[in-house]
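Participant: One structure, pasted below without further comment.
The values are calculated or read from the model by the stated rules, or taken from the named source; none is laboratory data. Here the structure is a predicted model, which means the values were calculated and not measured. Please note: Cβ atoms are built from the backbone with ideal geometry, for glycine as well, and neighbour counts cover all protein chains shown. These area figures cover heavy atoms from the full protein model, side chains too; ligands, DNA and RNA do not enter into them. Shrake-Rupley method; radii C 1.70, N 1.55, O 1.52, S 1.80 Å.
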Amino acid sequence: MTALTVWNNCLSFVKDNIQLQAYKTWFEPIIPIKLQDNILSVQVPSKFFYEWLEEHYVKLLKVVLTKELGKDAKLVYIIKMENNYGNDISFTEKIPSEYKPKIKSQDLDSSSNFLKTNLTNPFIIPGIKNLKIDSQLNLNYNFESFLEGDSNRLARSAGYAVSKRPGGTSFNPLLIFGGVGLGKTHLANAIGINVKQAFPEKTVLYISAEKFTQQYVDSVKKNNRNDFIHFYQLIDVLIIDDVQFFSGKSGTQDVFFHIFNHLHQNGKQVVLTSDKAPVDMQEIEQRLLSRFKWGLSAELQTPDYETRISIIKNKLSRDGVLMDEEIIYYVAKHIKTNIRELEGAIISLMAQSSFNKKQITLDLAKVIVEKFVKNTKKEISIDQIQKVVSDYFQMDVSTLQSKTRKRHIVQARQLAMFFSKKFTKASLASIGTKIGHRDHATVLHACKTVDNLAFTDKQFRKYVEDLDKKFTD
Ligand code: ADP
Ligand code: MG
């Protein structure tokens, strides 16, 4: 009996028990590696792949292996990993949860937290000489997996330059800013990973602004604020993610200001990310904002179509999943503003197809993309609402806004106010101002009236429903 023969027997059983498409996606890429004392080791293409098997097929695998190798059968996954500290491929072994002793909760824990490190308490510093700090970097977020495009070229190359000469460029601090899901966290990690690779002796720390704040608050409670500051002053490359979180937190801003100054004066590198440009940051002290501007602020913009396609293709190949080009183009064409959503749509597609045992078809892609796009649909403006309501009642916007008390016009105006309240984040006052210079009480009254009328008046309810459809379709 060899690994290959055993695995082929398993496959023919699996094939009979699951949908062909799922079989092709999740079982064909598995390579049997070795068989030793009832332990079969198989290689899977990615961590994602392993998690998928664990979640959906572990029972099936257990059944089929027991059938082939007896009740002592065991399975070990070997995950092909890209090694972040060099270009070699390395392998990690995982044991499926089914085969784990159930008592050791610790083991199970570590399996779900695969590759994630726990935050080490920064206050436990065993002697400053052998300072060993867990960098908290996410090794999947490296430069190799951060695809370049026009939208990120400046930020990416600045980040790269900083990682080659931390503290030695004029990009200090380097502030990476951009909207949600555009790669700030990824790029910030990539910088840290590269520094560790080029300068193993340097202390790198990645921390979210939120955690930093939490630690600071704790340190104040425990009366060791100085230890906190001291700890951070020892870092060579400090990466703080999402500094907009510091908004309005003056204590944290103050302590960060001191740490920043110390690091900067000592030629240490600071990397920050934010969802806003410094000019747009609110409730951040001026002296801090001016520090942010000392270095370079580089923006991550929304990726263009080509970059979106390469990002999808890259993800698919890392996960070892095949998908028709037509579908890739479709997804890339329709999801434009958020790379996390782009990836999310691809993951849903794989999931839907496997879970509901459907083929990954263009139609399925359309359904899924629509869900993503709908959720992120741009907010409708008050102007658009007035236009839609006026059109519906066949009047001009200026009529709708006029001072007249004619009943049908008043109703149209009230509906415009009601829907502005419902579909925009604008305040009552600003809705009033936009819809014919009314005050906030008028808007409030309008909203209540619409609610009441929709309840009591059938015709009016029809208006509300028709219009609602127009806004949500
Ligand atoms: P942010 O921190 O800006 O909200 P993230 O860094 O978390 O965004 O990125 C969201 C997702 O998009 C991550 O999975 C990340 O790996 C991916 N991503 C972002 N930019 C790129 C890129 N240029 N190439 C490949 N993947 C990217
Ligand atoms: Mg982020």
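Participant: Looking at the range 27-62, which of its residues are surrounded by fewer than 16 Cβ atoms within 10 Å (Cβ to Cβ), of a type in the set (A, V, I, L, M) and within 15 Å of N17 (Cα to Cα)?
Facilitator: The one that is surrounded by fewer than 16 Cβ atoms within 10 Å (Cβ to Cβ), of a type in the set (A, V, I, L, M) and within 15 Å of N17 (Cα to Cα): V58.
Participant: Oh, and also: When the range 338-357 is examined, which residues are found to be among the aliphatic types (A, V, I, L, M), open to solvent by 20 Å² or more (accessible area, probe 1.4 Å) and in contact with a helix residue (DSSP H, G or I) (Cβ under 7 Å, 6 or more places away or on another chain)? Before you say what the answer is, go through the steps one by one.
Facilitator: Within the range 338-357, the first condition is being among the aliphatic types (A, V, I, L, M), and the residues that meet it are 339, 342, 345-347, 349-351.
Subset that is open to solvent by 20 Å² or more (accessible area, probe 1.4 Å): 339, 347, 351.
Of everything in the range 338-357, just one residue is among the aliphatic types (A, V, I, L, M), open to solvent by 20 Å² or more (accessible area, probe 1.4 Å) and in contact with a helix residue (DSSP H, G or I) (Cβ under 7 Å, 6 or more places away or on another chain), namely I339.
Participant: What are the residue pairs meeting all of these: first residue in the range 449-471, first residue on the phi > 0 side of the Ramachandran plot, second residue open to solvent by 40 Å² or more (accessible area, probe 1.4 Å), Cβ atoms under 6 Å, and 6 or more apart or on different chains?
Facilitator: Here the result reads none, with nothing in the range 449-471 linked to a residue that is open to solvent by 40 Å² or more (accessible area, probe 1.4 Å).
So that you can scan it fast, the table gives a plain yes or no per residue for (1) at pLDDT 90 or above; (2) open to solvent by 10 Å² or more (accessible area, probe 1.4 Å); (3) assigned by TED's automatic domain parsing to the domain that holds K164:
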residue	(1), (2), (3)
F245	yes, yes, yes
G251	yes, yes, yes
V255	yes, no, yes
N261	yes, yes, yes
Q269	yes, no, yes
T273	yes, no, yes
M281	no, yes, yes
L288	yes, no, yes
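Participant: Let me ask something additional. Looking at (1) more than 16 Å from ligand 2 (Cβ to nearest atom); (2) in contact (Cβ under 8 Å) with a residue 40 or more places away in the chain; (3) in contact with a Lys or Arg (Cβ under 7 Å, 6 or more places away or on another chain), which is the one condition that is false for G267?
Facilitator: (3)
Participant: OK, next. When you scan the range 337-352, do you find a residue that is of a type in the set (S, T, Y) and within 12 Å of ligand 1 (Cβ to nearest atom), even just one? It would help to see each step written out before you state the result.
Facilitator: So in the range 337-352, the residues of a type in the set (S, T, Y) come out as 337, 348.
Narrowing the set further to residues that are within 12 Å of ligand 1 (Cβ to nearest atom) leaves 337.
Yes, the range 337-352 contains at least one residue that is of a type in the set (S, T, Y) and within 12 Å of ligand 1 (Cβ to nearest atom).
Participant: Being in a helix (DSSP H, G or I), open to solvent by less than 40 Å² (accessible area, probe 1.4 Å), modelled with pLDDT of 95 or more and more than 28 Å from E370 (Cα to Cα) narrows it down to one of V410, V389, so name that one. Write out each step before concluding.
Facilitator: Values: V389 fails: more than 28 Å from E370 (Cα to Cα).
After ruling out the rest, the residue left standing is V410.
Participant: Pull up the range 226-242, narrow it to residues that are closer than 21 Å to L175 by Cα and more than 16 Å from ligand 2 (Cβ to nearest atom), then point me to the one that is nearest to the chain's Cα centre (by Cα). Break it down stepwise before answering.
Facilitator: Step one: list which residues in the range 226-242 are closer than 21 Å to L175 by Cα, which gives 232-242.
If we keep only those that are more than 16 Å from ligand 2 (Cβ to nearest atom) too, we end up with 232-238.
Working: Y232: 27, Q233: 30, L234: 30, I235: 27, D236: 27, V237: 24, L238: 22 Å.
This residue is L238.
Participant: Please work out which residue is modelled with the highest pLDDT, limiting yourself to the range 148-170 and to residues that are among the hydrophobic types (A, V, I, L, M, F, W, C) and surrounded by fewer than 20 Cβ atoms within 10 Å (Cβ to Cβ). Before the answer, list the steps.
Facilitator: In the first step, residues of the range 148-170 are kept if they are among the hydrophobic types (A, V, I, L, M, F, W, C); the result is 154-155, 158, 161-162.
From what's left, surrounded by fewer than 20 Cβ atoms within 10 Å (Cβ to Cβ): 154, 161.
Details: L154: 90, A161: 93.
Out of the qualifying residues, it is A161.
Participant: Suppose we filter V369, V443 for residues that are within 30 Å of R340 (Cα to Cα), part of a helix (DSSP H, G or I) and open to solvent by less than 40 Å² (accessible area, probe 1.4 Å); which single one remains? Before the answer, list the steps.
Facilitator: Details: V443 fails: within 30 Å of R340 (Cα to Cα).
Exactly one of V369, V443 is within 30 Å of R340 (Cα to Cα), part of a helix (DSSP H, G or I) and open to solvent by less than 40 Å² (accessible area, probe 1.4 Å), namely V369.
Participant: May I pose another question? Select, from G320, G295, the only residue that is outside the structural domain of T424 (by TED's automatic domain parsing), over 30 Å from H264 (Cβ atoms) and touching a strand residue (DSSP E or B) at 6+ places or on another chain (Cβ under 8 Å). Spell out the reasoning first.
Facilitator: Numbers: G295 fails: over 30 Å from H264 (Cβ atoms).
Of G320, G295, the one residue that is outside the structural domain of T424 (by TED's automatic domain parsing), over 30 Å from H264 (Cβ atoms) and touching a strand residue (DSSP E or B) at 6+ places or on another chain (Cβ under 8 Å) is G320.
Participant: N223 fails exactly one of the following numbered conditions: (1) at positive phi; (2) in contact with a strand residue (DSSP E or B) (Cβ under 9 Å, 6 or more places away or on another chain); (3) away from ligand 2 (no atom under 16 Å from the Cβ). What is the number of that condition?
Facilitator: (2)
Participant: Considering only residues that are within 16 Å of ligand 1 (Cβ to nearest atom), open to solvent by 40 Å² or more (accessible area, probe 1.4 Å) and not in a loop (DSSP other than H, G, I, E, B), which ones fall in the range 209-243?
Facilitator: Answer for the range 209-243, where residues must be within 16 Å of ligand 1 (Cβ to nearest atom), open to solvent by 40 Å² or more (accessible area, probe 1.4 Å) and not in a loop (DSSP other than H, G, I, E, B): E210, K211.
Participant: Right, another one. Looking at K184, is it within 16 Å of ligand 2 (Cβ to nearest atom), assigned by TED's automatic domain parsing to the domain that holds N266, open to solvent by 20 Å² or more (accessible area, probe 1.4 Å) and touching a residue at least 40 places away in the same chain (Cβ under 8 Å)? Spell out how you get there, then give the answer.
Facilitator: Numbers: within 16 Å of ligand 2 (Cβ to nearest atom): yes; assigned by TED's automatic domain parsing to the domain that holds N266: yes; open to solvent by 20 Å² or more (accessible area, probe 1.4 Å): no; touching a residue at least 40 places away in the same chain (Cβ under 8 Å): yes.
No: the conditions fail for K184.
Participant: If a residue has to be crowded, with 17+ Cβ neighbours inside 10 Å and closer than 15 Å to K403 by Cβ to count, how many in the range 418-440 make the cut?
Facilitator: Initial filter on the range 418-440 (crowded, with 17+ Cβ neighbours inside 10 Å): 418-421, 423-424, 426, 428, 431-432, 434-436, 438.
Imposing the further condition that a residue be closer than 15 Å to K403 by Cβ reduces the set to 432, 435-436, 438.
Result for the range 418-440: 4.
Participant: Right, something else. Please go through (1) modelled with pLDDT of 80 or more; (2) open to solvent by 70 Å² or more (accessible area, probe 1.4 Å); (3) touching a helix residue (DSSP H, G or I) at 6+ places or on another chain (Cβ under 8 Å) for K24 and return the number of the only condition it doesn't satisfy.
Facilitator: Unmet for K24, out of (1) modelled with pLDDT of 80 or more; (2) open to solvent by 70 Å² or more (accessible area, probe 1.4 Å); (3) touching a helix residue (DSSP H, G or I) at 6+ places or on another chain (Cβ under 8 Å): (3).
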